[in-house]
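The structure appears right after this line, and notes come after that.
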Amino acid sequence: MDTDARVDDYIAGLPEWQQEICREVRRLVHEADPGVEETIKFTNRPYFVLDGNICALLGTKDHVNVMLYDKAIVPDPQNIITSGHGNKTARMISVYRDQPINAPALVEMFRHIIANNRLRKSVGPRR
């Protein structure tokens, strides 16, 4: 797993329970595809990318937001998405302290997003 020290720094600055959530999401996105790259956008926000954005992390006061950049087209049969259902760019999963992450469902969503990113890249921009 190739990591970015800036993402390490972001995670290290969070409370311990949020660090655990972020480390787990990070592990899962890399599990979805070993080619996933890490970067920082918008000054300090960790993004995970492969042929486009996959997800981003944001620690808040009482939870961690996992923003899924899926254009609202990736199926959510396990109902893990908590908000942004009508958003045409990204939806969100809010993970609270001591809340388990549905790892199999999240990895599957990451894989769908990556497949859609690759498809859009291979087709090229719309005209």
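The values are calculated or read from the model by the stated rules, or taken from the named source; none is laboratory data. Owing to the predicted nature of the structure, the values given are computational and were not obtained by experimental measurement. Backbone-built Cβ (ideal geometry, glycine too); neighbour counts: all protein chains shown. These area figures cover heavy atoms from the full protein model, side chains too; ligands, DNA and RNA do not enter into them. Shrake-Rupley method; radii C 1.70, N 1.55, O 1.52, S 1.80 Å.
On inspection, Thr39 qualifies as open to solvent by less than 60 Å² (accessible area, probe 1.4 Å) and over 21 Å from Ala103 (Cβ atoms). Only one of the numbered conditions (1) in a loop (DSSP other than H, G, I, E, B); (2) over 30 Å from Pro15 (Cβ atoms) is violated by Asn117, and that is (1). When the strands (runs of 3 or more DSSP E) confined to region 13-69 are screened for residues that are under 11 Å from the mean Cα position of the chain (by Cα) and within 16 Å of Ala90 (Cβ to Cβ), those reaching at least 3 such residues are found at 45-49, 53-59, 63-68.
Among the numbered conditions (1) assigned to a loop (DSSP other than H, G, I, E, B); (2) open to solvent by 90 Å² or more (accessible area, probe 1.4 Å); (3) at pLDDT below 95; (4) not aromatic (Phe, Trp, Tyr), the only one that Asp76 does not meet is (2). Please go through region 72-114 and pick out each residue that is touching a Phe, Trp or Tyr at 6+ places or on another chain (Cβ under 9 Å), of a type in the set (Gly, Ala, Ser) and farther than 23 Å from Leu14 by Cβ. Listed by number, the list is empty, since nothing qualifies.
For the condition crowded, with 18+ Cβ neighbours inside 10 Å and of a type outside the set (Asp, Glu), Tyr47 qualifies.
Does Met67 qualify as being crowded, with 16+ Cβ neighbours inside 10 Å and under 18 Å from Arg27 (Cβ atoms)? In short, yes.
Considering only residues in region 81-120 that are polar (S, T, N, Q) and over 12 Å from His63 (Cβ atoms), the one that is surrounded by the most Cβ atoms within 10 Å (Cβ to Cβ) turns out to be Asn117. A Cβ distance below 8 Å, combined with a sequence gap of six or more or placement on separate chains, defines the contacts here; from region 73-99, residues that are free of Cβ contacts under 8 Å to residues at least 24 places away in the same chain reach residues that are among the β-branched types (Val, Ile, Thr) and open to solvent by less than 30 Å² (accessible area, probe 1.4 Å) in the pairs Ile81/Ile93; Thr82/Ile93.
Scanning region 25-55 for residues being modelled with pLDDT of 95 or more and touching a strand residue (DSSP E or B) at 6+ places or on another chain (Cβ under 9 Å) gives a total of 21.
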